[in-house]
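Reading through the structure tokens given below for one structure.
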Amino acid sequence: MVGRVRGIAVGVMMLLAASGYLFGGAIMTQQIASAGPPNGTELRATEASMAQAQATVRPIATSASTARINLTSNGLSSSGKAFSYGYDLAQQGPYDGKGPVSDSARQVAQSISGAFEDVPIMGWGLPNPEPSPGIYDLSGIAQRVAFVESTGGIPIITLCAAPDWMKGGQLGSTDWTQIDTAPLPQHFEDFAALTALIARTFPQVKYFVVWNELKGFWNSSIDGWDAESYTDLYNDVYTAIKAVRPDALVGGPYVSMTTDPGSAPAMQAAPSGSWGYVDPAPLAAVSYWLRHNVGADFIAVDGSGFTESAGLATDPLTATQKYAAVDDWLRAQTSLPIVWMESHLLPDPTTATQQQQAALRVAVLLQMASSGASVGMQWNPEQTPGWDEGLWTATDAIGGGQATVLAQELPAVLAVLAAPVSLVGGEPPGRMAASGPDGTITVTLSPTTASVVTQTS
């Protein structure tokens, strides 16, 4: 075993933080009536299914719920933002700070100042941080943390993946096909030592998430997650980080709350609705981790609004209710702040226009904010084929890095969601609204139209 915490001197060049801004004005409206997506299979909506999208009434937060702890730029607080948006810097992007395209993308990010921006430690465009024991390369992490600071964002680091030698690979080499492989148990302490080093090297980062979607921890013999082994890894990491950074805030288990079609089996208390039900495996993993972790500052999950086997079980707007149902279940298990590390909305985003995708993303944020989540993140801010709408267009071409429809709508939306909101009841089919002290947001979505109207108080 290589040992717990190894010293290192790492020079980090930090960019100057640029000031952000919010769009002003009492009302910001983005409304498009289009010919609809290339085909209507994913945005299908019948009279009955759209009726199910009518909002469930949730009371506006009382003094008791206002005291709920949330993640803020200064750490956990009961007086900061009620809800925050974020995204994962999960692919190659404009993080080197060079050229007009990168500058344009950075300006888009600055317009959504205060967003949580997640940085992995290896993979997704970053190099192996420790290709051999005691040989480090934290340059990729430093570059992305600098990007986050330059946009006025809040950095959060996902402690995934693991160097090859920790999972049975060769010293000094990196097999990127093994990115989903977990470290071997005999190297849990070595991985923990690496994470502690990272936490110490980047003191400006307050939040750390242990691993990603339980990659490598599936146990086919029990047809479920090996929550015991993951929790052992988590506990080693938590202990190592807290030893060198008592101020750091650590969470897990970052499990995907996968959706199955149909109704939940009898005697299974699982979040469910017309969108399907949450598979029992991630629920069991969360329950085990909550019972056996040595400490946690927040709980992290992710999930999609559709089923892996059958796609959308209902219309997309109704499917967003899944996030509120999971929040309700989590809040019944723990008082830890809830962080959605990812949220994927359409099986095939190419079937929807940018306006429809933006409206659906805002609807998900309304569901999360009104049901008690602290942070709602999406995968990758750069527009990428096959993924949900990003914030800026692709940066690998001249003229890229331009704001998408979603990026134009978010500043006004997030200004309202900074205070507690509740969903408005009695909305007609195809429409969702949330209201709070700072204003009202109304989302309309159908196979042919999409709009987001934000009215500030």
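The values are calculated or read from the model by the stated rules, or taken from the named source; none is laboratory data. All figures in this text were calculated on a predicted structure; none of them were measured in a lab. Cβ: placed from backbone, ideal geometry, glycine included. Neighbour counts: every protein chain shown. Accessible surface areas use protein heavy atoms only, side chains included; no ligands, DNA or RNA. Shrake-Rupley method; radii C 1.70, N 1.55, O 1.52, S 1.80 Å.
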Requested in this report: Determine the shape class of segment 397-455: with a ≥ b ≥ c the square roots of the Cα gyration tensor eigenvalues, call it rounded for a/c under 1.5, and otherwise prolate if a/b is greater than b/c, oblate otherwise.
Outcome: oblate
Query raised in the report: Sorted by mean Cβ packing within 10 Å, highest first, what order do the peptides 220-230, 272-282 take?
Result: 272-282, 220-230
Report summary line: Result for the chain: accessible area per residue, probe 1.4 angstrom, in square angstrom, of 37
Report summary line: Taking every other residue with Cβ under 9 Å from the Cβ of D260 and scoring Lys and Arg +1, Asp and Glu -1, one gets -2
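Tell me the relative contact order for segment 280-428 as a rounded percent, counting alpha carbon contacts under 8 Å between residues six or more apart.
With pairs under 8 Å counted, the relative contact order is 21 percent.
Divide by every residue of the chain the summed helix terms, -39500 (n - 2.57) for each DSSP H run of at least 4, and state the resulting mean residue ellipticity at 222 nm, rounded to the nearest 500 deg cm²/dmol.
When only DSSP H runs of four or more count, the value is -8500 deg cm²/dmol.
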Report summary line: In order over segment 380-391: 3J(HN,Hα) from phi, Karplus 6.51/-1.76/1.60, θ = phi - 60°, whole Hz, x for each Gly or Pro, gives 6, x, 8, 4, 9, x, x, 10, 4, 4, x, 9
**Report entry** Cut-off under 5 Å, modelled amide H: who pairs with Q268 long-range
**Finding:** none
Query raised in the report: Calculated from the structure, semi-axes √(5λ) of the Cα gyration tensor in Å equals which of [x] 42, 23, 21; [y] 34, 26, 21; [z] 48, 24, 20?
Result: [y]
Query raised in the report: How far is the Cα center of segment 68-116 from the Cα center of segment 401-451, in Å?
Result: 20
Report task. Please work out the C-alpha center-to-center distance from segment 182-199 to segment 379-394 and express it in whole Å. Result -> 31
Requested in this report: Report the FRET efficiency, 1/(1 + (r/R0)^6), for A269 and K98, where r is their Cβ-Cβ distance and R0 is 45 Å, rounded to 0.05.
Outcome: 0.30
Report summary line: For segment 307-457, shape from the Cα gyration tensor axes a ≥ b ≥ c, cut at a/c of 1.5 then a/b versus b/c, turns out rounded
Query raised in the report: When the chain is fully extended, how far beyond the present Cα-Cα distance does I135 get from E427, taking 0.36 nm per residue of separation?
Result: 99.3 nm
Query raised in the report: Percent of accessible area on segment 120-204 owned by carbon and sulfur, 1.4 Å probe?
Result: 53
Report summary line: With a ≥ b ≥ c from the Cα gyration tensor eigenvalues, square-rooted, and the rule rounded for a/c under 1.5, otherwise prolate when a/b > b/c and oblate otherwise, segment 74-172 is oblate
Query raised in the report: Got the relative contact order for the chain handy, in percent, Cα pairs under 8 Å and 6 or more residues apart?
Result: 23
